[in-house]
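Shown next, in structure tokens, is the structure this report addresses.
The values are calculated or read from the model by the stated rules, or taken from the named source; none is laboratory data. None of these values were measured; they are calculated from a predicted model. Cβ atoms come from the backbone with ideal geometry, glycine included; neighbour counts cover every protein chain shown.
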Amino acid sequence: MKKPFCILICFASIFLSLVCLSGCGSEPDQGELIMRGWTNKRGEAYIYLKIKMEGKWEVSVNIADATTRIIQVRGKASGQWHIEDNALVLTVFESNINKIFKKDVTNFYEIVKLNEKVMELLDTHGQLTTWKAIELSKKQAGKSGSNSIRMAPFTVNLNKLRSRDKDRYLCVNFKIILKEFLPGSEVTKVHPKAREAVLIYLSSLVYKDIKNLDNAEEIQKNLQIILNPYIGNMIQKIEIDHIIVSSTYDRVEEFLIEHSIKARISKERNEKDPQKEKGKE
């Protein structure tokens, strides 16, 4: 009876040891926790620090305007990082913000606190700096290129100078590139009347307005002026991907089908949840 009992005790001990080891291994280490984006506010400046894989880091100093959303980059720095004896070590290779990160200097910061939301670093002068982790919303995290808005394709009848002029159709496909905004901010939604405003503008054009590339660039500028009030004045520029003028409606239909399919494929890709796809494998 003693031998089976001893064997049972051995198996139980091994099982408990494995459970303990697996439990300890599930805790994320400092390297895993630190590799993300961090922000810190100093006066009117927002400092954005990105700790990347392969031991690389980069930082930018941004100044926000009155809306606290649109920002202007005032300086950048980058280099290599590693963790040594509970200290974050940042070596600066490139910098135009020497007051914060001097080029060719290695900086040591004691890690006072580090989790998925906050990082507290103590520098060699005894100054404690608190960094907040950048948390993307599910909508932002699931989409690439969140700083742009793809509009559905537009097709209109061009205006005529004379009643006997040939019928021509203008087809335009473009996207809106937004100004840079602070990480974590919600992207401004397009007002419902924005599309109507674009249609009115495009249908007012005549053939001579769009018959060469220079005119297309002028259309991009005008579209930005027209759309900006409908998107909170957040537009950086308009990018026209495809523009054609056709005298037959068959070509218009081809244009709509082509870009509708592309838009659907792009939407499906953006809506895919990587975690769900991983679970299917």
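Results for (1) at pLDDT 85 or above; (2) part of a loop (DSSP other than H, G, I, E, B), shown as yes or no for each residue.
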residue	(1), (2)
Glu135	no, yes
Gln140	no, no
Ser146	no, yes
Arg164	no, yes
Val172	yes, no
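If a residue must be of a type in the set (A, V, I, L, M, F, W, C) and modelled with pLDDT under 90, how many such residues does region 207-228 contain?
Total meeting the criteria: 3.
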* Structure fact -> The condition from (1) at pLDDT 80 or above; (2) in contact with a strand residue (DSSP E or B) (Cβ under 8 Å, 6 or more places away or on another chain); (3) within 18 Å of Asn157 (Cα to Cα) that Tyr249 misses is numbered (1)
* Within region 207-222, track down each residue that is of a type in the set (A, V, I, L, M, F, W, C) and surrounded by 14 or more Cβ atoms within 10 Å (Cβ to Cβ). => Ile210, Ala216, Ile219
* **Flag for Glu180 being modelled with pLDDT of 90 or more, of a type outside the set (S, T, N, Q) and not assigned by TED's automatic domain parsing to the domain that holds Val61** => no
